[in-house]
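Below is one structure, written out as structure tokens; the observations come after it.
Each value in this text was obtained by applying a stated rule to the coordinates, not by laboratory testing. Source: prediction; values computed, not measured. Virtual Cβ from ideal backbone geometry, glycine too; neighbours counted across all protein chains shown.
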Amino acid sequence: MKVFDSPAAWRGFRAGLEAPGFVPTMGALHEGHLSLVRRSQDENPWTVVSVFVNPTQFDEAADLAAYPRQVEDDLDRLREAGVDAVFLPSAEDLYPDDYRYRVSENQLSHRLCGAHRPGHFDGVLTVVLKLLNLVRPARAYFGEKDYQQLQLIRGMAEALFLDVDIVGCPIVREADGLARSSRNRRLAERDRRLAPELYRVIRNSGSAEDAGAELAGLGFEVDYVEDIDARRFAAVRLGEVRLIDNVPLEAGHS
Ligand code: PAF
């Protein structure tokens, strides 16, 4: 597995090679990320993973500071998974403009998570565009846990005529239903026991309003529960940790 820590070194390697499959990540890798890697390996001649904790998508400095960083473990997991190359840029590498130039979307990005995390999706779209321009993949893989993010990245690829297929992959859950997330490891023991209720409640409640009330009653701090286009989206907080999830709605939900 080749590891590149600068855009110049990466570009030198990439020149002349076939387009790879690409899995962008912020590290602290778990089974959800590895499912994206496997899908990319099935569908592409080779696979590159990026690990970059993108500062511009964090709206709270404390959240950025607390985000788990474990690059050596991540590299071990990627090597074991048979990944061909890893791109580990620095913030200086990716933001030579000091974030003067950015991508913004002005509808969907202001709803759901965007309404609670100002500027979050500008940061996501900007870094994903930069990474896609550097990596030049045939396909890029994103998890459906971040469904709103996936829709926005698809929209950006279409609007800006990017020559890449954006591939959405199913949510990977723990045995108790909790969606896999790098943030789960920050849950206090008691909160970890409560966390799977998020999935149970949003799947089973008759309405978004009922789900929000039930989650609040159980002790979650609810950012939102909303039904949009036959899907229910939720974001909650347990202590310092913010969890998101979404489920397709079946007929019968109001
Ligand atoms: O989903 C993530 O891990 C991040 O938002 C992404 C797409 C890697 C951009 O930093």
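Structural remarks
- In the stretch 1-67, the GluC sites (Glu not before Pro) that fall in loop regions by DSSP, at most 10 other Cβ within 10 Å: Glu18
- Thr56, Thr25, Thr47 arranged by Cβ crowding within 10 Å, fewest neighbours leading: Thr56, Thr25, Thr47
- Taking other C-beta atoms within 10 angstrom as a stand-in for reagent exposure, Met156, Met26 fall in the order Met26, Met156, fewest first.
- Of the two radii for the stretch 185-253, the radius of gyration is 0.97 times the Kirkwood radius, both from the alpha carbons; that is the Rg over Rh value.
- Positive dipole terminus of the stretch 3-157, leading residue within Gln70, Val135, Thr56 (C-beta point charges): Val135
- Cα-based Kirkwood hydrodynamic radius, the stretch 1-131, one decimal, Å: 15.8
- Based on Cα contacts under 8 Å between residues 6+ apart, the chain shows a relative contact order of 18 percent.
- When only Cα pairs below 8 angstrom with a gap of at least 6 residues are kept, the stretch 42-153 shows a relative contact order of 33 percent.
- As a proxy for reagent exposure, Tyr141, Tyr99 were ordered by neighbouring Cβ count within 10 angstrom, fewest first; the result is Tyr99, Tyr141.
- Most mobile of Gln107, Gln148, Gln57 in a GNM of the chain (Cα contacts under 10 Å): Gln107
- In loop segments of the stretch 67-103 as defined by DSSP, the trypsin sites (Lys or Arg not before Pro) with at most 10 further C-beta atoms inside 10 Å of their C-beta are Arg100.
- The shape of the stretch 100-254 comes out prolate: with a ≥ b ≥ c from the C-alpha gyration tensor, a/c is at least 1.5 and a/b beats b/c.
- Under 5 Å, built H, 5+ apart or other chain: amide partners of Arg232: Val247, Leu249
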